[in-house]
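Quick note: the coordinates plus some simple rules give every number you see, no bench work behind them. Note that the structure is a prediction, hence the values are computed from the model and not measured. Heads up, the Cβs are rebuilt from the backbone with ideal geometry, glycines too, and the neighbour counts pull from every protein chain shown.
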Amino acid sequence: MMTALFAENFFVVHPNQLPGINLLALLASIPAVVLGWLTRSLVLVVVIGVVSMGLLRFFSNCLLQ
């Protein structure tokens, strides 16, 4: 069940096209997965995932403007 929720955010559905990949979600999940594998702490995984997604969104919006 968690894998389905986890993988659901990586794919973007476009009508009449193949699904694309949500690069920000994929990049934000890398530090969270590594930390989860090292520490086995759900709280740290959630915090690092949220912080990394926020930083990626902030810097991607700054670069696009």
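Hey, can you tell me all the residues within the range 55-65 that are assigned to a helix (DSSP H, G or I), loosely packed, with under 12 Cβ neighbours inside 10 Å and of a type in the set (S, T, N, Q)?
The answer is ASN61, and nothing else.
Taking the condition of being surrounded by fewer than 12 Cβ atoms within 10 Å (Cβ to Cβ) and either assigned to a loop (DSSP other than H, G, I, E, B) or more than 16 Å from the chain's Cα centre (by Cα) (or both), how many residues in the range 12-27 meet it?
Looking only at that region, the number is 7.
Against the condition touching a residue at least 12 places away in the same chain (Cβ under 8 Å) and aromatic (Phe, Trp, Tyr), how does PHE6 come out, does it pass?
Yes; evaluated as a whole, the condition is true for this residue.
From the set of residues in the range 31-54 that are assigned to a helix (DSSP H, G or I), of a type outside the set (Phe, Trp, Tyr) and surrounded by fewer than 12 Cβ atoms within 10 Å (Cβ to Cβ), which is farthest from the chain's Cα centre (by Cα)?
LEU38
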